[in-house]
There are 2 protein chains.
Amino acid sequence: MKRTGTTHGVMKPGPATALLDEHEVPAHAVDLAAWLEQLPQSSAIEYLVALPLAQRADTFGYLPLHVQVEIARNMSRDELAQIITEMDADDRADLFNSLTAAEQQRLMRSLAQEEREDILRLSAHAEGTVGAIMTTDYATLSATMNAQDAIAALRRSAPEKETIYRSYVLDAQRRLMGSVRLHELILAADTTLVEDIMDSTPISVSVNADQEEAARMIAHYNFLAVPVVDSEARMVGIVTHDDAADAMQAETTEDFQKISTVLPFKQSLREVGIGVLYSRRVIWLSLLIFGNLFSGAGIAYFEETIVAYVSLVFFLPLLIDSSGNAGSQSATLMVRALATGDVQLKHWRDLILRELLIAAALGATMALLVLPIGVLRGGPSIALVVGLTMFFLVIVGSLVGMSLPFLLSRLRLDPAMASGPLVTSISDAVGVLVYFSIATLVLRM
Amino acid sequence: MKRTGTTHGVMKPGPATALLDEHEVPAHAVDLAAWLEQLPQSSAIEYLVALPLAQRADTFGYLPLHVQVEIARNMSRDELAQIITEMDADDRADLFNSLTAAEQQRLMRSLAQEEREDILRLSAHAEGTVGAIMTTDYATLSATMNAQDAIAALRRSAPEKETIYRSYVLDAQRRLMGSVRLHELILAADTTLVEDIMDSTPISVSVNADQEEAARMIAHYNFLAVPVVDSEARMVGIVTHDDAADAMQAETTEDFQKISTVLPFKQSLREVGIGVLYSRRVIWLSLLIFGNLFSGAGIAYFEETIVAYVSLVFFLPLLIDSSGNAGSQSATLMVRALATGDVQLKHWRDLILRELLIAAALGATMALLVLPIGVLRGGPSIALVVGLTMFFLVIVGSLVGMSLPFLLSRLRLDPAMASGPLVTSISDAVGVLVYFSIATLVLRM
């Protein structure tokens, strides 16, 4: 998290003001960072160094990571150390992880021990875990303090903390006993003890848990932050609501990528390289070729029927696409519902029956729509074949699309792999077999 | 927003405790609501009424809206009025909007004037606008108060406010002059004036703006809440980060629905009725039938070629699917990037060239993969036809998929309508034409 103080802070008077005032410079660190990003690097560094230190570190923290790294490489070691010392612990660890080993060593030498230890602690966590997005800058209070002393203590420590709106109460082993809101401290009488107003059933998340778990917890309870504990229930950090929201947004983007058969990439679509995007897209496109060969094999098997009734080919794209489309609908709805927690594995039984009813209704509707076209193009027998096939294929497609995300989830794979194209390939192959089997049966009779 | 106090609050001692202690009852209002939801309604009401009033209103507010309505209908008018008075202003307005006109009238008669006016003001805003998710329970301070008096004022008003972590400073016309964080008030000397520490470049959102705009602003600046102003710049409410996150989540779910050709529905996938889901799915499935007729017409046009070279049909699903898959990839990536703001309309020119390069690389790869299959199944000429077609179709599919979301956005339609199935239908029709044209050309030569 960026401390809300300076993200919403006005430009403080200082040596930079005169320099910056000549241009139309945004007042908020977020906007200022976006503005600096568009300047040539040497000017960006010049502006940055001219800012008061607190604002400098904040603005720097809002730059995209690859820009931070470039700037870090072109700054003097002392200037960099100053900024790094002032940065939020989690942003600092992210930057550190993006440097080369040699750069990391050089940087470490210019930092004080506290920052060194903090960086090493935070940068050790695996990507995707709660540890990788938590921060260690949280406020703690002792259970036996009174409200007045607690507020005084927060006043002293506030500038270094990400938030003082909730403070955590730890025992001698740093185990989480409870938490107390600034709100409550302000409302309480001066002599009230922290332990008497603290919430003593604190909800926490494990440092090794998935980031999504922290995000879901924050969304579920409307928290500003959730405390993070290690395997021995000792408090090691907090995840703030904004960092959790960022993690959730990235996760959702990944789901969008997966359901369109693109392997996940982290960069912005505007900035990702051609090579990276090619490699992320080509894998599934190629794999699906082999999936489609099954459809081709089905067609080869029924070549005689096709030559005898070539008008059947007219309806082929229509039938297999409809089945694939119905399947994509079911799959995407299910992928999203599993991701938001709206639906869980155990709901499969309840949902399959409903899906069957809906699919039957959809299949009947589509069959009715396609019947007149069948009569027009091929006569009553062809129409019968096409109508029957449509009815069955929409049901098959829907059931495949609905079940695949559950199956993947059951196998501990990501349900989002149940992409529209994968469902389409499967229902295409089934579709060809069903279509020409029905045709052979009906037309040869 | 639900006030964080009671969402994270412990069970307060009261008449309910004894009753509730006999069962394993969750301590948090969120969890308590989920637990009550599973009970028969009469027991749920019994438990609810036994809770202390503040917790009762909070827990009630966390129930899904349709459950709230049912319970409201089966409660005595006085009990209901008590809960309604204590509820958050935004939740109260939502409930009010879900009642029948007669129920609304009856309810209004049992409420005090303040709540009546509040309900009427909030329930007037159109769905999807900032006004519909804002709350009027925000804290205000006067610019000329000192820090000590300001904290005392917040202490008095805190129980009625959604958040006191940021207070808003208004002029005599209720225009927003600035805002000040509780954090800053605590750190300031007692005699410091609010106007000297307030942030006087406040960022606000219009009451008529799209909910997404408030959500993006909160995410962009890491705000806890964003102030809402009317057309005359008067402050009328705040949108809190959790309500914005809920709105954003709903919006994203809608995007997932649209890219899979399901018309948006608001209910949970687990709770939505069969009829609703059928009607939301059948429209696009039926429309796409007519799209697929173009493919069929193409096939009919080339019937002679097909009869002469029936092995061409073997490759038909493979070729048109590959084109559709590449197009779905591009379309989904673009829909998501437009939704997150990563990509904007003006970037179309930059991106189309890159897309062309990537699509050419993908097309070449896919053509190479399919060539040996072509040789095996149909000999060198067929292989040439299939390879060439694959190369062109992957490019066509990608360009259609990439451009369609931009085009829709340019026409002020939702880019998420550029669903995989729509892109697939378009590239299928193009695919059939390209395939058999190339075949006729190469094979008849």
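What follows draws every value from the coordinates through simple rules; no lab data is involved. What you see is a predicted model, and the numbers here were worked out from it, not measured in a lab. Neighbour counts run over all protein chains shown; Cβ positions are idealised from the backbone, glycine included.
Numbers at a glance
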read-out	value
Beta bridges by DSSP in the protein assembly as shown, antiparallel share as percent, to the nearest 5	75 percent
Candidates A:Ala34, A:Ala331, A:Ala225, ranked by Gaussian network fluctuation over chain A, Cα under 10 Å, top entry	A:Ala34
Net charge of Cβ neighbours under 13 Å - reference B:Leu185; Lys, Arg +1; Asp, Glu -1	-2
Cut-off 19 Å, label 7 Å out along Cα→Cβ of B:Asp196, residues of the range B:128-143 by amide N	B:141-143
Quotient of C-alpha Rg and 2.2 N^0.38 Å, computed over the range A:70-194	1.28
Ordering of B:210-220, A:190-200 by packing [mean C-beta count within 10 Å, highest first]	B:210-220, A:190-200
Identity and axial distance of the chain A residue whose Cβ lies nearest the axis relating A to B, Å	A:Gly420, 2
Alpha-carbon centroid distance for the pair the range B:365-410 / the range A:264-323, whole angstrom	10 Å
Among A:Ile289, B:Leu224, B:Ala147 the positive-end extreme of the charge dipole of the protein assembly as shown (Cβ point charges)	A:Ile289
Where Rh is the Kirkwood radius over Cα pairs, Rg/Rh for chain B	1.13
Mean Cβ neighbour count within 10 Å, used as a protection proxy, ranking A:57-65, A:405-413 highest first	A:57-65, A:405-413
Label geometry 7 Å along the beta-carbon vector: A:Tyr301 inter-copy distances in nm	3.3
Position A:Pro380, label points 7 Å along Cα→Cβ, spacing to each other copy in nm (shortest first, one decimal)	5.2
Peptide B:176-182, shielding by other chains (average Cβ, 10 Å cutoff)	2
Normalised alpha carbon radius of gyration of the range A:219-375 [divisor 2.2 N^0.38 Å]	1.53
Candidates B:Leu277, B:Leu48, B:Leu269, ranked by Gaussian network fluctuation over chain B, Cα under 10 Å, top entry	B:Leu269
Other copies of B:Leu356: label-to-label distances in nm, shortest first, labels 7 Å along the beta-carbon direction	5.3
Cα convex hull of the protein assembly as shown, projected area averaged across orientations, nm²	41.2 nm²
Cα-only Debye scattering, the range A:274-444: base-10 log of I(q)/I(0) at q = 0.09 Å⁻¹	-0.35
Listed residue pairs exceeding 29 Å between alpha carbons, taken from A:Lys161/A:Lys258; B:Lys258/B:Lys346; A:Lys161/B:Lys266	A:Lys161/A:Lys258; A:Lys161/B:Lys266
HN-Hα J in Hz across the range A:85-98 - Karplus 6.51, -1.76, 1.60, θ = phi - 60°, x for Gly and Pro	4, 7, 5, 5, 4, 6, 5, 4, 5, 4, 4, 4, 5, 8
Largest-first ellipsoid semi-axes for the range A:138-249, taking √(5λ) over the Cα gyration tensor eigenvalues, angstrom	25, 15, 12
Cut-off 12 Å between beta-carbons: net charge of the residues surrounding A:Gly324, Lys and Arg +1, Asp and Glu -1	-4
Placed amide H near B:Thr163: partners under 5 Å, 5+ positions off or other chain	B:Ala139
Shielding by partners, peptide B:282-295 (average Cβ within 10 angstrom, other chains)	5
Charge context of A:Gln68, other residues only, Cβ under 9 angstrom, K/R +1, D/E -1	-3
Considering only chain A, percent of DSSP beta bridges that pair antiparallel, nearest 5	75 percent
